[in-house]
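*Asks:* Take a look at the following structure, please.
The values are calculated or read from the model by the stated rules, or taken from the named source; none is laboratory data. Quantities reported herein were computed from a predicted structural model and do not represent experimental measurements. Note that each Cβ is placed from the backbone with ideal geometry, even for glycine, and that neighbours are counted across all protein chains shown.
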Amino acid sequence: MVSGMKGKNGVRKRRVFRIWIMCFLAGLLFGIIRIPVRAADDSFGQRVYDQADLFSEEEEAGLEEKIQGLQEKTGMDVVLVTAKDAQGKSSEEYADDFYDENDFGTGEEGSGVLYLMDMDNRELYISTCGEMIWILTDERVDAMLDAGMVHMGRGDYAGCAKRLFSDTEKWYDKGAAGGQVQVDRDTGEILRYPGKAHRSIRWYEALLAVAVSAFCAWSACAKVRREYAMEQERGRASGYYMAYRANAGFRFRNRQDTLTSSHIARQVIPRTSYRSTGGYGSSGRSTTHRSSSGRTHGGGGRKF
């Protein structure tokens with residue numbers, strides 16, 4: 001009787017253990033399934049604001065999808081705005097204020113970019129903030145505006161937005177090179193890139209380079225000297241086909257050339273303008289300014 005009770009208790013324990021295992025696996029599976037849903041809940045939300053009614057519903061949905069992918073890749077905010085009435089503001093002011101007032105951006109610096117199609121001022125404008133200022137330098141913004149204006153001239157507003165997105169992704173992949181600077185256009189203050197700068201040459205690398213180059217130069221000179229001295233031919237028999245070179249040698253002579261005539265041509269080469277940025281070219285410079293809220297922004301615009 002006792003053994004029967006023990007057997008039933010063992011079966012019951014095994015059943016309870018199996019139930020616990022099944023509950024654990026079910027909970028784990030449910031958590032895995034919930035991951036994409038949770039990621040969608042934590043997304044940036046609406047980022048296309050078509051106030052000028054330039055996009056169809058299908059285009060707007062497609063642009064939202066592309067923006068979400070760009071946000072996930074860069075970890076920064078991306079906003080697209082079309083404006084019919086700029087409320088008396090310039091494109092720069094409207095873009096910066098729209099970004100700041102709606103609290104866009106990620107991290108402490110509010111990193112991100114806003115693309116504005118201003119139909120009131122007839123201008124395509126790109127406003128950058130935070131880390132995106134380093135990514136989209138003056139030169140890169142100009143290149144993006146050049147490409148975008150081709151689509152704007154044809155009235156292909158969705159195509160312009162997609163091109164801006166793809167160019168932003170391209171420049172993000174290239175990253176911000178060391179040695180870049182931000183130049184405040186109002187104060188002239190220069191801020192250097194805080195990331196890793198261009199790699200410098202260490203003292204031992206320079207010493208090794210000098211040693212290798214000196215050895216190569218010495219080897220070449222020694223080889224030429226041996227060939228001209230003809231050390232091998234000197235020991236050869238006189239009947240050898242190059243025997244006449246056996247006692248050959250070489251001698252340096254001092255010779256002097258006389259200048260008979262000369263002609264000098266002079267040409268003035270204009271200096272490159274750096275737009276009062278202390279000599280930094282646009283490829284490694286981001287010109288910045290302060291918005292009405294006091295936040296630092298970069299970017300630029302182009303009339304259409």
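*Asks:* Filter region 50-77 down to the residues that are closer than 26 Å to Gly130 by Cα and in a loop (DSSP other than H, G, I, E, B) and list them by number.
*Replies:* Gln51, Gly75, Met76
*Asks:* Could I ask something else about it? Which one of the conditions (1) modelled with pLDDT under 95; (2) loosely packed, with under 10 Cβ neighbours inside 10 Å; (3) more than 26 Å from Leu136 (Cβ to Cβ) does Phe24 fail to meet, given that it meets all the rest?
*Replies:* Of (1) modelled with pLDDT under 95; (2) loosely packed, with under 10 Cβ neighbours inside 10 Å; (3) more than 26 Å from Leu136 (Cβ to Cβ), only one is false for Phe24: (2).
*Asks:* As an exercise: evaluate Ile201 against (1) modelled with pLDDT of 60 or more; (2) surrounded by fewer than 11 Cβ atoms within 10 Å (Cβ to Cβ); (3) among the aliphatic types (A, V, I, L, M); (4) within 30 Å of Arg140 (Cβ to Cβ) and give the number of the one condition it does not meet.
*Replies:* (1)
*Asks:* Right, next: Can you pull out every residue in region 154-184 that is closer than 19 Å to Gly300 by Cβ, of a type in the set (A, V, I, L, M) and over 10 Å from the mean Cα position of the chain (by Cα)?
*Replies:* Within region 154-184, Ala161, Leu164, Val181, Val183 qualify.
*Asks:* Right, Ile133: closer than 23 Å to Asp53 by Cβ and within 18 Å of the chain's Cα centre (by Cα) or not? Walk me through it before giving the result.
*Replies:* Details: closer than 23 Å to Asp53 by Cβ: no; within 18 Å of the chain's Cα centre (by Cα): yes.
So Ile133 does not fit the description; no.
*Asks:* Could you list, in sequence order, the residues of region 156-187 that are assigned to a loop (DSSP other than H, G, I, E, B) and within 16 Å of Val81 (Cα to Cα)?
*Replies:* Asp156
*Asks:* Working only within region 275-291, note down all residues that are over 23 Å from the mean Cα position of the chain (by Cα) and at pLDDT 95 or above.
*Replies:* If the condition is that a residue be over 23 Å from the mean Cα position of the chain (by Cα) and at pLDDT 95 or above, then Arg290, Ser291 are the ones that fit.
*Asks:* Then there is this: Filter region 78-101 down to the residues that are in a loop (DSSP other than H, G, I, E, B), of a type outside the set (D, E, K, R) and either in contact with a strand residue (DSSP E or B) (Cβ under 8 Å, 6 or more places away or on another chain) or under 19 Å from Gly300 (Cβ atoms) (or both) and list them by number. Break it down into steps so the answer makes sense when it comes.
*Replies:* Pass one, region 78-101, residues in a loop (DSSP other than H, G, I, E, B): 84-90.
Adding the requirement that they be of a type outside the set (D, E, K, R) leaves 86-88, 90.
Scanning region 78-101 gives Ala86, Ser90.
*Asks:* Being under 24 Å from Ser166 (Cβ atoms) and either of a type in the set (S, T, N, Q) or in contact with a Cys (Cβ under 8 Å, 6 or more places away or on another chain) (or both) is the filter here, so list the residues in region 78-103 that pass it.
*Replies:* Those that are under 24 Å from Ser166 (Cβ atoms) and either of a type in the set (S, T, N, Q) or in contact with a Cys (Cβ under 8 Å, 6 or more places away or on another chain) (or both): Thr82, Ser91, Tyr99.
*Asks:* Do we find that Thr137 is free of Cβ contacts under 8 Å to residues at least 60 places away in the same chain, closer than 24 Å to Asp173 by Cα and among the hydroxyl-bearing types (Ser, Thr, Tyr) in this structure?
*Replies:* So Thr137 does not fit the description; no.
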